[in-house]
Amino acid sequence: MKNLILLFILFFPFFNNVFSQNYRFNGKFNFGGTYNSFNTDNTVNENFEILLSFYLFNNYNSESFLFDSDFFIQYGQIIRKNHNPTKTQDQLILNLIPSIKLLNIPSIRLFLQTKGETQLRKGYIDDQVTNFADPLFLTNTLFLGEKSKILEQTDTQEFNITYGLGYSFQNIIRNKFNISDEIEHSSDAEFKDGPTAVFNLNFSKLFNNNLSLMCSFNSIMLIKKFTFEDSNHLRFTSMLLAELKLYFVTFMYTNRFVLDKEISNSPQNNNSLILGFTINF
């Protein structure tokens, strides 16, 4: 044991230097709000909408092994006098994407993406009540593709895309939520699988110490059984996050899109554009 400790002490500076060169970490916390006051029927109506978001990104890059991960939380609600708060935005998304290089020419990587999607608080999809992990979508996708650098990566800029085709196994965990093809609620989990297409994009540019631009887009399309016979068996989800930051002031746009007729009769498309404050860490 003493020898292991001694070896760790001797080689830690070397491994720490290698790891720090290949590892990147970025975190953002954003807060914004909108206040409205208007008169109707001799009554003053006041609304205050708040929007909080938290974004965490990690990346490890070596010659043959890559590991990307991102964690996104967004919550917004309207507060009105003499009314209960009304939820406007509620997203919790986790992505873990390790990959290994299989071929150099042509360049092909093997990816395993684990993606979790749910919400934080009580809400509604159509006329069904939703809550934290009710439903929770856990999608494991094994796919062949590549992570390509569109621009040369430097300390001030990054632009890459990840894309590929593969197969997904999806676990829908729920408590009371029902999907459309159920006759009755039979279990707390539902399993789906099928061919899958993945496309992710990440762009960031630091113009100077006070001005930066960032854009992130993640999407996955799961073609379930009988999709070509009935479009109800297709699931497409995407998340777009764009941010222009000047000092601590941020213009932030988010778009969350979900197409899954087994979950909702109509596409779920949530947009927000807000002026707020960002803290990087």
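Within 10 Å, count the other beta carbons around each residue, average over each peptide in 120-127, 159-166, and list them highest first.
Numbers: 120-127: 12.4, 159-166: 17.4.
Going from most to least packed, we get 159-166, 120-127.
Give me a comma-separated list of calculated 3J(HN,Hα) values for region 116-133, in order, Karplus coefficients 6.51, -1.76, 1.60 applied at θ = phi - 60°, integers in Hz, x for any Gly or Pro.
Ordered by residue, 3J(HN,Hα) equals x, 9, 7, 10, 8, 10, 4, x, 9, 10, 6, 9, 9, 7, 10, 7, 4, 6 Hz.
Report the dimensions of region 88-195 along its three principal axes from the alpha-carbon atoms, largest first, rounded to Å.
Cα spread of region 88-195 along its principal axes, largest to smallest: 51, 31, 18 Å.
For LYS176, list the lysines whose Cα falls under 16 Å from its own Cα; do not include residues on the same chain fewer than 8 positions away.
The qualifying lysines are LYS122.
What is the sum of charges around LYS28, taking Lys and Arg as +1, Asp and Glu as -1, for the other residues whose C-beta is under 12 Å from the C-beta of LYS28? Mind dumping the intermediate values first?
On the way: positive: LYS245; negative: ASP70, GLU243.
In short, -1.
Can you tell me which of 113-119, 149-155 comes out highest on packing, and rank the rest after it, using the mean Cβ neighbours within 10 Å? Spell out each step's value before the answer.
On the way: 113-119: 19.4, 149-155: 10.0.
The peptides rank, most packed first, as 113-119, 149-155.
Per q in 0.13, 0.19, 0.26 Å⁻¹, report the Debye log10 I(q)/I(0) for region 202-281, using one uniform scatterer on each alpha carbon and no solvent.
Each listed q maps to, in turn, -0.54, -0.82, -1.18.
Tally Lys and Arg at +1 and Asp and Glu at -1 over the other residues with C-beta under 13 Å from the C-beta of ILE279: what net charge comes out?
On the way: positive: LYS28, LYS245; negative: GLU243.
Local net charge: +1.
Bear in mind that the values in this text are calculations on the coordinates, not laboratory data. A quick note: this is a predicted structure, and the numbers were derived from the prediction, not measured. Backbone-built Cβ (ideal geometry, glycine too); neighbour counts: all protein chains shown.
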